[in-house]
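Enquirer: Questions regarding the structure given below will be posed in turn.
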Amino acid sequence: MAKQKFYVVWEGVEPGIYKTWSECQLQIKGYPNAKYKSYKTMAEAESAFERGPNSSPKPIIKKPLLLEEPDVIRDSWSVDAACSGNPGITEYQGVHTSDGSQIFHQKFELGTNNVGEFLAIVHALALLKKMNDADKTIYSDSRTAMKWVRLKKAKTTLVRNAKTERIYHAVLRAELWLKNNSYKNPILKWDTKTWGEIPADFDRK
């Protein structure tokens, strides 16, 4: 059985990351000076896509969690987002603050970092409500996203089109959830300057 490969297309009909060679071929066939390459893992492909076709490989190193600070609530969740360009490929995740283990993850073809941060917080709130956990603290390093959650409205200027329709649908669902649900979970600002990067950080600085 052939191993899974991930194909990065930097220059083609639709630049991006594809999971099959046939999908990749559709983007490069007949395209002048197409630039593409295959990678063994999605993480390597994402890193390469961000760096561009002419850069040297950069090792992906997981940062140690800096939780020595007594003010950090260890029994909590941390959320963060990453965007390859702004707008660009957008993803967000939620992790356990104590050890960085992933709880949820979502990815979108096109979006912005602020939108991803907003969706991450609401995703955490909705999941904790399903779990009947009203006490769990949520950490975010985005003041903008935290404000949008308080307003129950994502004040984004992202253009709505075919590529952003999926993330816009997620935003509308999140806004509707906020309007129809209450929550008691504290949403706290992660003190990056004092504590280092938030445990949910995607390590792409």
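Enquirer: Looking at the range 187-202 only, could you name the residues that are part of a loop (DSSP other than H, G, I, E, B) and open to solvent by 50 Å² or more (accessible area, probe 1.4 Å)?
Expert: In the first step, residues of the range 187-202 are kept if they are part of a loop (DSSP other than H, G, I, E, B); the result is 190-191, 196-202.
Those that are part of a loop (DSSP other than H, G, I, E, B) and open to solvent by 50 Å² or more (accessible area, probe 1.4 Å): 191, 197.
Enquirer: Let me ask you something else. Among the residues that make up the range 109-122, is at least one of them surrounded by fewer than 14 Cβ atoms within 10 Å (Cβ to Cβ) and at negative phi? Before the answer, list the steps.
Expert: Step one: filter the range 109-122 for residues surrounded by fewer than 14 Cβ atoms within 10 Å (Cβ to Cβ), giving none.
Within the range 109-122, none of the residues are surrounded by fewer than 14 Cβ atoms within 10 Å (Cβ to Cβ) and at negative phi.
Enquirer: State whether one or more residues within the range 136-145 are of a type in the set (A, V, I, L, M), at pLDDT 95 or above, in a helix (DSSP H, G or I) and open to solvent by less than 30 Å² (accessible area, probe 1.4 Å).
Expert: yes
Enquirer: Any idea which of 124, 120 is of a type outside the set (S, T, N, Q), over 9 Å from the mean Cα position of the chain (by Cα) and assigned to a helix (DSSP H, G or I)? Spell out the reasoning first.
Expert: Details: 120 fails: over 9 Å from the mean Cα position of the chain (by Cα).
Exactly one of 124, 120 is of a type outside the set (S, T, N, Q), over 9 Å from the mean Cα position of the chain (by Cα) and assigned to a helix (DSSP H, G or I), namely 124.
The values are calculated or read from the model by the stated rules, or taken from the named source; none is laboratory data. Computed from a prediction, not measured in an experiment: that's the story for all the values here. Heads up, the Cβs are rebuilt from the backbone with ideal geometry, glycines too, and the neighbour counts pull from every protein chain shown. In case anyone asks, the SASA skips ligands and DNA or RNA and just uses the protein heavy atoms, side chains included. Shrake-Rupley method; radii C 1.70, N 1.55, O 1.52, S 1.80 Å.
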